[in-house]
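The values are calculated or read from the model by the stated rules, or taken from the named source; none is laboratory data. As the structure is a computational prediction, the values presented were derived from the model and not from experiment. Here the Cβ positions follow ideal geometry from the backbone for every residue, glycine too, while neighbour counts run over all protein chains shown.
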Amino acid sequence: MGWALVAAAEPHHRKGWLKRFDPRFWTVDFARPMMASVMSEVPGTLRVEAVFYQKQDLAGLIWESADRWDHPLLAYETKRDFRHTKLSFRWRSGGVKPLDALHGPTLTIEGRDAAGSPRAWYVRLWNYAVGTADDAVVTLDFDALVGGFLLPGEADPVWAGDIDRMFISLVPPDYDGGDAVLPAPARGWAEMSQIACTGSGSVLAIGDVVMPEHGLGIAGGYDDSYHLTPARLVRQMVQLGYRGDVVHYVGMSHYMRLEAADGAFHASVTGGALNAPCAAWHAGFAAACEAAGLGVIWSLSYELFDAYCPEDWKQRASDGSPALTGWEPPSTLLSPANAEAMGYLQAVARAFVAIGAAAGLALKFQVGEPWWWIAGERRICAYDAAATAMLGSASVPIADVREALDAPQLAMLDALGALLAGSTAALVAAARDEAGTAGLVSHLLVYLPTVLDLATPAVRRANVPLGWAAPAFEVLQLEDYDWVTGGRGAETMAARAAMAVRLGYPVDEQHYFAGFVLLPEQRAAWAEIAEAAGAARRAGVARAFIWALPQVARDGFVAFDERGGDGEDDVQAFDAVDFPLAIGREAVVATEFSTQIVSSPSGHEQRASEWAEARMRYDAGPGIRSEADVRVLTDFFRARRGAARAFRFRDPFDGSSAADGGLPTATDQLLGQGDGVRRQFALVKRYGAGDAEQVRPIRLPVAASVRVSVDGIETAAFLITDEGDVSLDAAPGPGIAVRAGFLFDVPVRFAEDRLEASRATFLAGELASVPLIEVRAPW
């Protein structure tokens, strides 16, 4: 799998044209606890749904001059000059302040005046409306636009030559700017239809690259995309080459219906589990996915925004403190033992499954990362009132899950595992019941770095319960981004095997999630993420997903399939078989580089090395000594389909880490130094010294030959990954040297698609030619 990071679109990248103010590219935003969403299901029309809880709630319908949300290859151009542009639309609304009211819909324009000074203008839409306060045609000529409430007395002419963004404000009918709670949640809506933009400034260029399908899936989350239109998201998915199912995490902070209680707002199922804007947005998202040929895996976790979670629902440590994640503001974890909390999750699951069914989608549901939270100082959060009551005498103190635990403590972890498995089974059962005769495919997502933490091996009793064993779910999904981005990706292979043994899901019934990059300055981590996705596919997982779309768009990540013209991918193009050793021992060896040399008339030269590493060539012809050798070679050549498939070849002069080419020792080659966290070290062989040293990656070690030392002491506490790296059982401390010795092979292919053999020339002593050429290892 190939990949790249695109910082900005280049002139040669495909572009199209967009009318400014296209409904798909508006956004909506607001302050908690209110909720709003924007959809663009009908051409030329956008609709905002909102629910207000306080008298000060305000939603903004936003158009930005700079596209901050689309992938660089798909973004519209930045054009802050709105002059010579006219926008018209039909405005209809209900449940919000009307156009003619104080605090009615106002267009706020943020930018700079003609002198370059930052400022804002406030344009009352009613001043440019023809019709009623709830149904009118609004026409905005940016060359003659004037701010102010009453005109002409309060006129404030707009200079439209340098605008950053503009937004239309929507507030509830009882809006007064105060923080008083409304008597009941107030639902409102506004619709802009017949949107038309004219004038010489009305057209924007927009990226229109279409990447070929590459075999990866994409994941995303509502909490990161609630403000965008569904059409905008689906366009990115499809044009970036993602196909099949989309994993859609419904989030933990925006889907819930709220009710006021005791000075706070808590999740409630009164009137339905989902708030109206969320339900409308997801109906549009499901329909857009179905129309694009995408499926949806609805992902629901036990995580809930802490401020919205009833106190009794929360997991708690032994001191009564709630389970809180590291997000700011924090989220909490629902207790699997709390019947009311689990009933709430089941209602939410039913609501999303019903949305999928209404859109005609195949129904797929994921229980996302369910676990008992491990708080600071390794305290398990399993002491909430519901859990304590349900466990009874089995609830015993566990101060630190890293410590050696006695039999009652282990029995408590087993009981917690049974509670967790029972709760996930009930959640899936509710989703299946909602699906009815249409059927439903269940998925379980497990976050490996937490549940298989080597420092807390007993925790898997609670967080990887045997009640999850196949066939409890149809698909097991695994995620490990902390390992991957922390240089510990090799741990995934052993963890995947451990999960297969414990739960009984073979690799081809597993999915893998690669990602994610939290901050823009961490974008270099995409290299490890892409490699991890490729490694999972080579390991045979049914599907690999990239997590997640917002970060893909932000950082400009693109994936592409590096398959050749015959349609075979890099996994199929390499066979892990040895070239016949007896024939290869007599091979002629050639080491080559590629150097550009420019000679001046004076005889001076400029030299540029085009390859960072040497490329090996071999001729195995001299090793053919008998007709039996010819038959062996012909059989091997046909099995490789000529030059189509690469294979392992032992270099007769350079196949050992030892400087003299002899048997390896555990201290031959320095692999690196520990940092207290890193456990995976790539095998290398070093040539030369000082500034001229060349470090050669070794990808095909002879597994049984590898010897490793840590701080000069040989150890057997390691394994060799599928990529040929050393994965130590324990991370070496800071500054501790890791060394290794090994025999190794070179990945090569036949240089030609022909193999000639003649009895006459062979018997006359003429040597055959069997040229081989090194290829880069396919991982």
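For the reader, a short list of remarks on this structure follows.
- Of everything in the range 1-49 that is more than 30 Å from residue 181 (Cβ to Cβ) and among the basic types (Lys, Arg), the residue that is modelled with the lowest pLDDT is 14.
- When the range 357-394 is filtered for residues that are at positive phi and not in a loop (DSSP other than H, G, I, E, B), the ones remaining, listed by number, are 377, 378, 392.
- Top-ranked residue in the range 623-657 [being over 21 Å from residue 574 (Cβ atoms) and within 45 Å of the chain's Cα centre (by Cα); ranked as surrounded by the most Cβ atoms within 10 Å (Cβ to Cβ)]: 657
- Among the candidates 258, 300, residue that is more than 22 Å from residue 48 (Cα to Cα), assigned to a strand (DSSP E or B), in the same structural domain as residue 446 (by TED's automatic domain parsing) and not basic (Lys, Arg): 300
- Residue in the range 78-91 that is of a type in the set (Ser, Thr, Tyr), outside any strand (DSSP E or B) and without any contact (Cβ under 8 Å) to a residue 40 or more places away in the chain present: yes
- When each of 263, 272, 251 is tested for being within 27 Å of the chain's Cα centre (by Cα) and either crowded, with 22+ Cβ neighbours inside 10 Å or outside the structural domain of residue 35 (by TED's automatic domain parsing) (or both), the lone residue that passes is 251.
- The set of residues from the range 207-241 being among the aliphatic types (A, V, I, L, M), under 14 Å from the mean Cα position of the chain (by Cα) and more than 25 Å from residue 11 (Cβ to Cβ) comprises 216, 218, 219, 237.
- Qualifying residue in the range 685-701 (condition: over 39 Å from the mean Cα position of the chain (by Cα) and under 25 Å from residue 587 (Cα atoms)): yes
- Some residue of the range 116-126 being in a strand (DSSP E or B), in contact with a helix residue (DSSP H, G or I) (Cβ under 7 Å, 6 or more places away or on another chain) and buried (at least 19 other Cβ atoms within 10 Å of the Cβ): no
- Candidates 341, 349, 354: the one that is touching a Leu at 6+ places or on another chain (Cβ under 6 Å), assigned to a helix (DSSP H, G or I) and within 28 Å of residue 39 (Cα to Cα) is 349.
- Checklist (1) touching a Gly at 6+ places or on another chain (Cβ under 9 Å); (2) under 20 Å from residue 776 (Cα atoms); (3) in a loop (DSSP other than H, G, I, E, B) applied to residue 678, failing item: (2)
- Test set (1) modelled with pLDDT of 95 or more; (2) of a type in the set (D, E, K, R); (3) surrounded by fewer than 19 Cβ atoms within 10 Å (Cβ to Cβ); (4) in contact with a strand residue (DSSP E or B) (Cβ under 9 Å, 6 or more places away or on another chain) - residue 364 fails condition number: (3)
- Scanning the range 599-622 for any residue that is buried (at least 16 other Cβ atoms within 10 Å of the Cβ), modelled with pLDDT of 85 or more and small (Gly, Ala, Ser) turns up at least one such residue.
- Test for residue 230: is it over 28 Å from residue 65 (Cβ atoms) and either crowded, with 19+ Cβ neighbours inside 10 Å or in contact (Cβ under 8 Å) with a residue 60 or more places away in the chain (or both): no
- Selection of the range 515-556 for residues being more than 17 Å from residue 244 (Cβ to Cβ), under 10 Å from the mean Cα position of the chain (by Cα) and modelled with pLDDT of 95 or more yields 550, 551.
- Residue check for residue 409: of a type in the set (S, T, N, Q), closer than 30 Å to residue 436 by Cβ and either modelled with pLDDT of 95 or more or in contact with a helix residue (DSSP H, G or I) (Cβ under 8 Å, 6 or more places away or on another chain) (or both): no
- Checklist (1) charged (D, E, K, R); (2) over 30 Å from residue 735 (Cα atoms); (3) part of a loop (DSSP other than H, G, I, E, B) applied to residue 638, failing item: (3)
- Cβ-Cβ contacts under 8 Å between residues 6 or more apart (or on different chains), taken from a first residue in the range 301-320 that is among the aliphatic types (A, V, I, L, M) to a second residue that is surrounded by fewer than 16 Cβ atoms within 10 Å (Cβ to Cβ), are listed as 307/264; 307/329.
- Elements of type helices (runs of 4 or more DSSP H) in the range 432-510, at least 1 residues being within 20 Å of the chain's Cα centre (by Cα): 448-451, 481-485, 491-503
- Flag for residue 695 being in contact with a Leu (Cβ under 6 Å, 6 or more places away or on another chain) and β-branched (Val, Ile, Thr): no
- From 325, 270, 332, residue being of a type in the set (Val, Ile, Thr) and farther than 30 Å from residue 462 by Cβ: 270
- The strands (runs of 3 or more DSSP E) falling completely within the range 1-64 that include 2 or more residues that are under 24 Å from residue 166 (Cα atoms) map to 15-19, 27-30, 35-39, 46-54, 59-64.
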